[in-house]
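Structure record follows, encoded as C-alpha cells.
The values are calculated or read from the model by the stated rules, or taken from the named source; none is laboratory data. Keep in mind it's a predicted model, so treat the numbers as computed, not measured. Virtual Cβ from ideal backbone geometry, glycine too; neighbours counted across all protein chains shown.
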C-alpha cells in the first residue's frame, strides 16, 4: 500500500482531548482540518476506472458521459484498502458511508469523497450573488474523515446541493424517457413496415394472377378508395381479384382496407411498376442464358398501339444444344428513323446487361428504315458490330408469299365462297343442313 507522508502542521489541541465535536473545535483547529493540501501528483495513483468521479471534476461532459457517471460511477469494493490522510487514530474512511449517504461517491485517484450530483450538475459559483465557491465534495475531495458525518450533513443541507440533486433526477428521467420514446418509435416503424410489406405481397399476388392468365387489369371504374362492397360500376379484374381474396379470408389482402388513401398501392402507375418488376425477375435467367451462349441474333419490328409507336425486340440463341427464342420487351420510340431505332435496340441490350459483341445476326422486315443499306437499322448496327449480318425476316417473307398466293384466281374463288356463306345466316343454315344430309358423319368431322 502506498505510504503518504505525514502532514506537517502544528497541533493546537491537547492529546488528552479525544474525538471532540466539530462545533467544539476552535477556528484555528478547524482550519487545520479544512486546509489540507491536495495530494501531490507524485502520490496520486492511476484511476481504476475511466468512471472515477475525480476525472469528471471541472470537465465539460456530454449527456451520454453524464449518464454513464450517474449509473456506473466507480465505487470501492469490500476488499478495498483505505488509508488515513491525517496521522492519528480513527481517521480511516468507512465503506459503509457510501451506502448510508445518497449521492456520496469515493475517488481512488484522489482518495477522498465527492458528491456525485454536485460534481456533474453543480453550478460553478453558489451563494448570494454567485460569489461563493462550492469547495469540498464538489471541486475538491473531502479527506477529513474524522468529521465526515458533520461536514456531509452541512453539505447536504445547502441549497446548491438540493438544486443539483433535482437537476440530476430530471436529467436521468429525461434520458430514460428519450430512450423509451426512440424504442417505441422504432418498434412502431418496424410494425408499419411489416404491415405494408404484407399488403404489397397480396397486391402482387392479385397482379400475378391477372398477368399469368392474360387478363386485363383495369375496367371502367378503377380509381378511388377501395371498399369491400361491390361497386355500382364495373371495376377491373385486378380489383375484383383483390376483393375475392378478401372474401376468401386473406388477412394480408384485408390490410388494403386499412391503408391510407395516399398509400394504398392500387393506382395504375403502381400496377405498371409491379408488372415491370415481374418482367425484370423473369428476364434475369434469360439474360444469363444469352450471355452464356456462344452467339445470338435479334428480331425486331415496329407496332402501333393507342397512337404510340413501340419496338418489339426478340432474341434467338443456343442453350444446352437447343435453339431458343425469347421476348425481351417493348421499347417506346418517338422517332422511327434508322438511327433512333438502332440506338433503342443497343440501349435495351445494354440495359439488360447483354453482351452485344456476341450478336451475329439481325432480322427485320424489308422496310427502308430497317433494311436500308445506307441509313437503315441493320447498317448502323453492323457499323458497330460487324459480325451482325442482316437477314430478311422469314415470317415477313412467308406473309408476302401468302399474300401473293391469295391474289391468284383459285385461292380468290375459295375466299369468295367463304365470304358468301359467312355473310348470311340463312345461307349458312342451308349449307349446314345439306352437309348433315349428304355427308357421312365420319367425313363430316373432317370437313368441319
Of 350, 342, the only residue that is out of contact with any strand residue (DSSP E or B) (no Cβ under 9 Å at 6 or more places or on another chain) and buried (at least 19 other Cβ atoms within 10 Å of the Cβ) is 342
Going through (1) under 30 Å from residue 359 (Cβ atoms); (2) surrounded by 17 or more Cβ atoms within 10 Å (Cβ to Cβ) one by one, residue 271 fails only at (1)
(1) surrounded by fewer than 14 Cβ atoms within 10 Å (Cβ to Cβ); (2) in contact with a helix residue (DSSP H, G or I) (Cβ under 9 Å, 6 or more places away or on another chain); (3) in the same structural domain as residue 297 (by TED's automatic domain parsing) all hold for residue 430 apart from (3)
Please work out if residue 376 is surrounded by 11 or more Cβ atoms within 10 Å (Cβ to Cβ) and without any contact (Cβ under 8 Å) to a residue 60 or more places away in the chain. yes
* Asked: Is it the case that the stretch 404-417 has a residue that's surrounded by fewer than 16 Cβ atoms within 10 Å (Cβ to Cβ), out of contact with any helix residue (DSSP H, G or I) (no Cβ under 8 Å at 6 or more places or on another chain), in contact (Cβ under 8 Å) with a residue 24 or more places away in the chain and at negative phi?
  -> no
